[in-house]
Amino acid sequence: MIIPGLKGPSAPVDTITVRYGETLRSLSRRYGLSESALAQLNRFVSPAELYAGAMLIVPMTVNQNLALAGRANLASGRSLLELAIVRNEDPWSLALDNNLPGTWTVLPGDVLRVAGDSQTDAPNGLPDAITKVEVDPLLMIQGGTAVIKVYAAPGITMRGSLADRTLNFFPQEYGYVALQGIHALTPPGLYPLTLTGELSGPGGEHFSFSQDVLIQDANFVYDPSLEVDPVTIDPSVTNPEMGLWESLGTPVTPEKMWDGLLASPVPAELTNCRTSFFGTRRSYNGSAYDFFHGGLDFCGQVGTELYAVAAGKVVYTGLLTVRGMVTVIDHGWGVYTAYNHQSEIFVKPGDLVQSGQLIGLGGATGRTTGPHLHWEVWVGGVQVNPVDWLARAYP
Ligand SMILES: [Zn+2]
């Protein structure tokens with residue numbers, strides 16, 4: 001294979017997954033190939049194709065000294081000479097190492113290979129204040145929960161957004177973490193994940209970085225149209241109830257109260273008895289398929305014991321037309337769980353509950369075709385697939 005920009009008549013190539021924070025510029029520095037050669041090799045017509053999670057063809061033989069080199073962002077207003085002095089290097093070697101024709105050709109915010117550091121993730125295109133960003137999963141999916149870990153120096157302020165949702169960042173020993181649900185009806189495609197903030201100290205410099213991530217189709221199945229009491233699909237009833245429901249999961253409590261996997265909300269013998277899964281597309285009384293199933297349904301009878309799935313604070317109990325008798329628990333960091341169609345409720349708003357605590361009994365109140373528990377998990381104001389939260393510990 002003949003690759004433009006690579007030495008020799010042919011060169012072995014490899015494919016890599018583009019991590020969040022990698023730009024065409026940073027990858028060209030990493031693999032010692034010009035940006036245009038890298039774009040040509042991958043048949044890119046636009047830099048937008050370099051989304052986080054994309055597969056990229058790169059030369060296989062990477063000089064380990066290059067791959068393990070450090071990186072430095074050139075702050076705006078700073079010259080290569082100043083950077084060289086700060087790093088105790090000479091500017092002409094810096095220019096040479098970065099394939100620059102001269103010390104005057106660097107751009108503000110440019111990513112440069114520098115000696116000294118040996119971060120395996122370097123060099124990347126992130127602002128200098130951020131060492132590394134882990135996006136899990138890198139390829140997102142409708143109804144999924146995204147975990148964004150930002151490794152950064154202490155003291156910086158951190159904000160961000162994913163698609164149209166504002167991220168809530170919480171301080172950790174390594175930097176910051178945010179959890180965000182992906183709405184089940186988000187059209188599949190590329191969406192920006194944007195990180196902004198200020199460096200610590202007086203007059204801290206503002207930084208901003210944005211890169212697209214891919215949200216994939218979960219291929220939710222279409223249920224046969226359900227026949228229900230017409231009052232439970234009357235918009236004059238369902239819209240205010242939906243408004244209340246969404247408002248309950250919006251506040252963000254800074255204290256994280258859950259720990260590890262969520263427990264089962266039903267007795268052990270019913271944990272694997274599930275009658276309907278999250279995300280199935282629904283039609284009521286022959287309507288369009290504008291609805292989706294926002295929770296996970298467990299088998300149960302009137303009187304089946306229901307348990308809190310993690311420690312938290314009860315924020316709502318009541319009787320609603322569609323959802324029946326409900327309990328909503330705040331677990332902190334914008335994570336909530338809800339328990340619908342109950343026959344009895346044993347807790348009240350303000351109560352602090354523990355994981356596994358009996359909080360009510362199953363029933364058939366509200367819009368339902370029979371007794372069962374409809375259980376929901378909310379993350380960042382969005383209903384997510386509860387199965388994920390039973391299978392892995394977040395964050
Ligand atoms: Zn349900």
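What to note about this one:
- In the chain the longest region clear of GluC sites (Glu not before Pro) that are loop-assigned by DSSP and have at most 12 other C-beta atoms within 10 Å covers 1-172.
- For the chain, with all protein chains in place and a probe radius of 1.4 Å, 56% of the accessible heavy-atom surface sits on carbon or sulfur.
- Local electrostatic count, Asp388, Cβ distance below 15 Å [Lys/Arg +1, Asp/Glu -1]: 0
- Modelled FRET efficiency - R0 45 Å, Ala391 with Asp234, Cβ distances, 0.05 increments: 0.75
- Expressed in units of 2.2 N^0.38 Å, where N is the residue count, the Cα radius of gyration of the chain is 1.20.
- For the chain, the residue among Leu361, Gln301, Leu248 whose Cα projects farthest onto the positive side of the dipole built from Cβ charges is Leu248.
- The chain: angle of helix 235-248 to the longest principal axis, Cα-based, in degrees nearest 10: 60
- Given charges at beta-carbon only (K, R positive; D, E negative), |dipole| of the chain in Debye: 620
- In the chain, a dipole from Cβ-located charges (positive for Lys and Arg, negative for Asp and Glu) runs towards its positive end, and of Pro91, Pro192, Leu167 it is Pro91 whose Cα lies farthest in that direction.
- As a length-normalised measure over Cα pairs under 8 Å and 6 or more apart, the relative contact order of the chain settles at 13 percent.
- For Pro235, the shell of other residues with beta-carbons less than 13 Å away shows a net charge of -3, using +1 for Lys and Arg and -1 for Asp and Glu.
- Accessible-area value, Leu33, 1.4 Å probe, nucleic acids and ligands omitted, Å²: 10
- For the listed residue pairs Lys256/Lys348; Lys256/Lys313; Lys313/Lys348, the alpha carbons are over 18 angstrom apart in Lys256/Lys348.
- Charge dipole (the chain, unit charges on Cβ, about Cα centre) - positive-most of Pro202, Val347, Gly260: Pro202
- Normalised by the number of residues in the stretch 302-353, the average gap of Cα pairs under 8 Å and 6 or more apart makes the relative contact order 40 percent.
- Residue-normalised accessible area of the chain, expressed per residue, 1.4 Å probe, Å²: 45
- Cα gyration tensor shape of the stretch 300-395, rounded if a/c is under 1.5, else prolate or oblate by comparing a/b with b/c: prolate
The values are calculated or read from the model by the stated rules, or taken from the named source; none is laboratory data. Everything quoted here is computed from the prediction, not taken from an experiment. Please note: Cβ atoms are built from the backbone with ideal geometry, for glycine as well, and neighbour counts cover all protein chains shown. Surface accessibility is based on the protein's heavy atoms, side chains included, excluding ligands, DNA and RNA. Shrake-Rupley method; radii C 1.70, N 1.55, O 1.52, S 1.80 Å.
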